[in-house]
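Taking it in order: structure first as structure tokens, then the write-up.
The values are calculated or read from the model by the stated rules, or taken from the named source; none is laboratory data. Note that the structure is predicted; figures quoted are calculated from it, not measured. Glycine gets a Cβ as well: all are built from the backbone with ideal geometry, and neighbour counts include every protein chain shown.
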Amino acid sequence: MRDEIIVNNITERANYEELNPAKWVDEYADYLYNFALKRLNDEALAQDLVQDTFLSALEKSNLFRAESSIRSWLTAILKNKIVDTYRKRANALSGEMRIGSVEDEPEFFDPDLNNWKKKHWPAPFGVEDEDALHNKEFMNVLRKCLFKLPSLWMSVFKLKHLDEEETGFICEKLRITSANYWVIIHRAKVNLRSCLQKNWM
């Protein structure tokens, strides 16, 4: 029994030394902060979550198995904290959870053409060019439009299209039904399109 404790202590110390937490801030803080800020658009909250991530990683350093890079491991911890934030925001605005049917809205698609109806046809956004400044301006408008969405919609949209998460994962983490998920995605896309056409065109 005593030998097992000694072996475990040596293993934990080796893991801790391999992780080298003293260098985390210098090596990973900027990356993690930008990762969080892109998803939350809140500088103070992004900073808080990065600090929480470092603390959680220190507490769980014995669980690190070197099966991924340290940056990937820290990012996974941060991502879980961001999803928790999404869930808290969605629960705080529980009215957003009561989503009606898409049938309550005007039909945007023509099933015969399998495309938008002519009167709802999206205008070209003109971001196909290689002008980095032009595309940066577009991304700023897109970001502003995203943050005009209700909190739950934005959370669902970002998890789906920014983090490329599966539908089941999103529904489980945000505690929504599959039917609500599809309605939210539909409404978020329609609202984003409308916002982009007003503010970018």
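Condition first: modelled with pLDDT of 90 or more, touching a Ser or Thr at 6+ places or on another chain (Cβ under 7 Å) and assigned to a helix (DSSP H, G or I). Can you find one or more residues in region 145-153 that meet it?
No, the conditions are met nowhere in region 145-153.
Per-residue answers, yes or no, for (1) within 12 Å of the chain's Cα centre (by Cα); (2) surrounded by fewer than 20 Cβ atoms within 10 Å (Cβ to Cβ):
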| residue | (1), (2) |
| --- | --- |
| LYS144 | no, yes |
| PHE147 | no, yes |
| PRO150 | no, yes |
| SER155 | yes, no |
| LEU159 | yes, no |
| GLU165 | yes, yes |
| ILE176 | no, no |
| TYR181 | no, yes |
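Taking the condition of being of a type in the set (Phe, Trp, Tyr) and either assigned by TED's automatic domain parsing to the domain that holds LYS148 or not in a helix (DSSP H, G or I) (or both), how many residues in region 19-77 meet it?
Filtering region 19-77 down to residues of a type in the set (Phe, Trp, Tyr) leaves 24, 28, 31, 33, 35, 54, 64, 73.
From what's left, either assigned by TED's automatic domain parsing to the domain that holds LYS148 or not in a helix (DSSP H, G or I) (or both): 64.
Number of matching residues: 1.
Please verify whether ILE176 is touching a Phe, Trp or Tyr at 6+ places or on another chain (Cβ under 7 Å) and closer than 24 Å to ALA36 by Cα, treating the condition exactly as stated.
Working: touching a Phe, Trp or Tyr at 6+ places or on another chain (Cβ under 7 Å): no; closer than 24 Å to ALA36 by Cα: yes.
No.
Does ASP30 satisfy the criteria of being closer than 30 Å to TRP182 by Cα, among the acidic types (Asp, Glu), modelled with pLDDT of 90 or more and surrounded by fewer than 14 Cβ atoms within 10 Å (Cβ to Cβ)?
Considered against the rule, which asks whether it is closer than 30 Å to TRP182 by Cα, among the acidic types (Asp, Glu), modelled with pLDDT of 90 or more and surrounded by fewer than 14 Cβ atoms within 10 Å (Cβ to Cβ), ASP30 comes out as no.
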